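Below is one structure, written out as structure tokens, with a few remarks after it.
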Amino acid sequence: MQIHGSTALVTGANRGLGAQLAITLLDAGAATVYAAARDTDTLRPLVQAGGGRVVPVTLDVTDPASVRAAAAEVVDLDLLVNNAGSATFGDPLGADLAGARSDLEVNYLALLHTTRAFLPTLEAAATAGRAAAILNIVSVIALAPAPHTTVYAASKAAAHSLTQSLRATLAPRGIVVHGAYPGGIDTDMSAGMNAVKADARVVAERIVAALAADTTEIYPDDASAALAAIYHADPRQLERTLAG
Ligand SMILES: NC(=O)c1ccc[n+]([C@@H]2O[C@H](COP(=O)([O-])OP(=O)(O)OC[C@H]3O[C@@H](n4cnc5c(N)ncnc54)[C@H](OP(=O)(O)O)[C@@H]3O)[C@@H](O)[C@H]2O)c1
């Protein structure tokens with residue numbers, strides 16, 4: 001899709017990958033970026049950097065009233081970026097159940113609800129002949145779980161499946177659905193993780209470049225690209241590789 005001149009909304013835009021995606025979209029010429037966050041005070045640096053092109057929006061993706069209010073506020077939208085995420089770590093027997101529920105709420109159910117809420121605005125863009133798209137930030141461990149990512153990986157596997165079904169459902173309506181499947185990224189989420197971590201700015205730049213190139217399945221860092229190659233050759237081999 002053409003990023004230049006487009007209008008995008010990024011959930012969880014106040015920090016981590018979401019903030020970098022918002023900045024990269026602005027750098028690529030987006031006309032407006034709706035920066036969504038639970039606490040809009042945390043968006044101040046992004047709003048300042050945006051030179052009038054960043055519109056803060058209050059959005060808790062797990063709160064139906066908040067999602068409704070945000071969708072009512074956004075009157076024009078070409079690209080919805082479902083980035084907000086939650087990660088609970090632990091093995092399948094020990095991972096915290098409340099955390100597992102939270103991961104499913106944020107990473108899967110909220111993605112479903114938020115997408116439905118913004119769909120009429122995206123459809124209006126498509127009907128007007130503009131490129132309309134959804135970008136879901138998934139994770140490469142949606143394809144097979146790594147040790148200690150059990151419940152998070154399961155929620156991302158659900159997000160992956162939803163991305164696939166949305167792609168099929170929305171294609172006839174002129175809306176392209178992209179999934180990004182990063183490996184480890186150096187953000188607050190992975191702070192306690194002993195793994196290779198890509199720079200969030202580089203990951204965001206590769207994701208936006210892939211969007212511009214109409215790539216629907218995006219592996220934006222070297223680790224995820226290598227794991228995807230294993231998966232596409234033999235899915236069971238990825239399961240064995242990550243389990244090890
Ligand atoms: N870091 C990694 O290694 C990695 C790898 C693959 C995929 N990802 C995915 O990349 C995306 C961004 O993650 P990140 O690494 O940037 O994590 P992060 O630094 O922990 O940021 C998470 C973002 O999600 C927001 N968020 C969480 N719950 C929310 C809710 N209920 N409503 C609205 N916003 C909410 C947070 O807002 P608050 O500031 O209000 O908490 C924050 O902006 C996530 O989907 C994550 O699963 C991350």
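The values are calculated or read from the model by the stated rules, or taken from the named source; none is laboratory data. As the structure is a computational prediction, the values presented were derived from the model and not from experiment. Cβ: placed from backbone, ideal geometry, glycine included. Neighbour counts: every protein chain shown. For accessibility, only protein heavy atoms count, side chains too; no ligands or nucleic acids. Shrake-Rupley method; radii C 1.70, N 1.55, O 1.52, S 1.80 Å.
A few notes on this one:
- Check on Ala36, crowded, with 21+ Cβ neighbours inside 10 Å, small (Gly, Ala, Ser), part of a loop (DSSP other than H, G, I, E, B) and modelled with pLDDT of 95 or more: no
- Among the residues making up region 194-244, those that are open to solvent by less than 60 Å² (accessible area, probe 1.4 Å), in a loop (DSSP other than H, G, I, E, B) and in contact with a strand residue (DSSP E or B) (Cβ under 9 Å, 6 or more places away or on another chain) are Thr215, Thr216, Tyr219, Pro220, Asp221.
- Against the criterion of being in contact (Cβ under 8 Å) with a residue 12 or more places away in the chain, over 20 Å from the mean Cα position of the chain (by Cα) and within 13 Å of the ligand (Cβ to nearest atom), Gly179 does not qualify.
- Filter result for Ala168 (free of Cβ contacts under 8 Å to residues at least 24 places away in the same chain, out of contact with any helix residue (DSSP H, G or I) (no Cβ under 7 Å at 6 or more places or on another chain), within 25 Å of His4 (Cβ to Cβ) and more than 15 Å from the ligand (Cβ to nearest atom)): no
- Region 190-202 residues that are closer than 15 Å to Leu242 by Cβ, paired with ones that are open to solvent by less than 80 Å² (accessible area, probe 1.4 Å) and at pLDDT 95 or above (beta carbon under 6 Å, 6 or more apart): Ala195/Gly184; Val196/Gly184; Val196/Ala223
- Within region 52-75, the residues that satisfy the criterion of being in contact (Cβ under 8 Å) with a residue 12 or more places away in the chain and within 22 Å of Glu205 (Cα to Cα) are Arg53, Val54, Val55, Pro56.
- Scanning region 103-132 for residues that are without any contact (Cβ under 8 Å) to a residue 40 or more places away in the chain and over 14 Å from Leu170 (Cβ atoms) gives Ala128, Gly129.
- Residue match in region 96-114 (condition: within 15 Å of the ligand (Cβ to nearest atom), outside any helix (DSSP H, G or I) and either open to solvent by less than 20 Å² (accessible area, probe 1.4 Å) or farther than 30 Å from His148 by Cα (or both)): no
- Among the residues of region 2-17, at least one is within 9 Å of the ligand (Cβ to nearest atom), among the hydroxyl-bearing types (Ser, Thr, Tyr) and either at pLDDT 95 or above or within 26 Å of Tyr152 (Cβ to Cβ) (or both).
- Scanning region 42-95 for residues that are in contact with a strand residue (DSSP E or B) (Cβ under 9 Å, 6 or more places away or on another chain), part of a helix (DSSP H, G or I) and open to solvent by 70 Å² or more (accessible area, probe 1.4 Å) yields Arg44, Gln48, Glu73.
- Matching residues in region 131-144 - criterion: being buried (at least 20 other Cβ atoms within 10 Å of the Cβ) and not β-branched (Val, Ile, Thr): Ala132, Ala133, Leu135, Asn136, Ser139, Ala142, Leu143, Ala144
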